[in-house]
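Trainee: What follows is a single structure, and I will ask about it in a moment.
The values are calculated or read from the model by the stated rules, or taken from the named source; none is laboratory data. Computed from a predicted structure; not experimentally measured. Ideal geometry is used to build each Cβ from the backbone, glycine not excepted, and the neighbour counts take in all protein chains shown. Just the protein is used for accessible areas: all its heavy atoms, side chains included, with ligands, DNA and RNA removed. Shrake-Rupley method; radii C 1.70, N 1.55, O 1.52, S 1.80 Å.
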Amino acid sequence: MRQRATRDQQRLDSGTVTSPKDLESIQREIVSLAKRQGDLEDVVLEVMERRESAQERVAELTDRVAAVQAKADDATARRDAATSEIDGETTTITKERELVAASVPADLLKLYDKLRAQQGGVGAARLYQRRCEGCRLELNITEVNDVKAASRDTVLRCENCHRILVRTADSGL
Ligand SMILES: [Zn+2]
C-alpha cells in the first residue's frame, strides 16, 4: 500500500500526468491510501497492545502456578515428615505394647482384646473420681462399695459399659 502511494506520488512529481482528471484521481487515491494506512496502523497498535496484555497475563498466571506448586510441594513435604514421624511412633508404641502385653495374664489379655473390639478400641478405662473414664458415668454407692471391697487382684468391670476398670490413687475410693 505504501509502495502504491509512493508510486502515485512519483507519477505526480514527474509531471508525466497532465490530465486534470487523472491528477485528481491520483490525489484522491493518495489520500485514500493514507487513510487506510492510518487505519491499519491503529489495528496493528491495538493488536500489539492486546498481545502485550496477554503476555502480562501469561506471566502473572505462570507466577501463580509456581506459587501454588511451591505451596503444594511444601504441604507434601510436611505430610511426608508427619507420616514418617507417626510411623516411628507407631513402631515404638507397638513394641511397648508387646512388652506390656507379655506381662499380662493370657485370659485377662483375651478379655481386654474382646472388649476393645466391642467398645470402639478402648477395652479398659481408668476409674477417676468414682467415674468410669470409658463411658463417663459415675459409679453409684453400691458399685463404689463393691470396688472398695474387691481385692487388688480382682479384675473390675464397669457395670454400664463393661470395660475393665483400672484403679489408681485418683479413683476416689
Ligand atoms: Zn464405663
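Trainee: Looking at residue 99, is it surrounded by 10 or more Cβ atoms within 10 Å (Cβ to Cβ) and out of contact with any Cys (no Cβ under 6 Å at 6 or more places or on another chain)?
Mentor: When the stated conditions are applied, residue 99 does not pass them.
Trainee: Right, next: Give the residue, chosen from 104, 100, 65, 122, that is assigned to a loop (DSSP other than H, G, I, E, B), more than 16 Å from the ligand (Cβ to nearest atom) and either among the hydrophobic types (A, V, I, L, M, F, W, C) or in contact with a His (Cβ under 7 Å, 6 or more places away or on another chain) (or both).
Mentor: That would be 104, the only listed residue that is assigned to a loop (DSSP other than H, G, I, E, B), more than 16 Å from the ligand (Cβ to nearest atom) and either among the hydrophobic types (A, V, I, L, M, F, W, C) or in contact with a His (Cβ under 7 Å, 6 or more places away or on another chain) (or both).
Trainee: Quick test for you: out of 170, 87, 153, pick the one residue that is touching a strand residue (DSSP E or B) at 6+ places or on another chain (Cβ under 9 Å) and either open to solvent by 70 Å² or more (accessible area, probe 1.4 Å) or assigned to a strand (DSSP E or B) (or both).
Mentor: Matching residue, one of 170, 87, 153: 170.
Trainee: Please tell me if residue 126 is farther than 21 Å from residue 111 by Cα, open to solvent by 70 Å² or more (accessible area, probe 1.4 Å), in contact with an Asp or Glu (Cβ under 7 Å, 6 or more places away or on another chain) and touching a residue at least 40 places away in the same chain (Cβ under 8 Å).
Mentor: Taking the combined requirement at face value, the residue does not satisfy it.
Trainee: Residue 114 is checked against (1) in contact with a helix residue (DSSP H, G or I) (Cβ under 9 Å, 6 or more places away or on another chain); (2) open to solvent by 80 Å² or more (accessible area, probe 1.4 Å) and fails just one. What number does that condition carry?
Mentor: Result: residue 114 passes all but (1).
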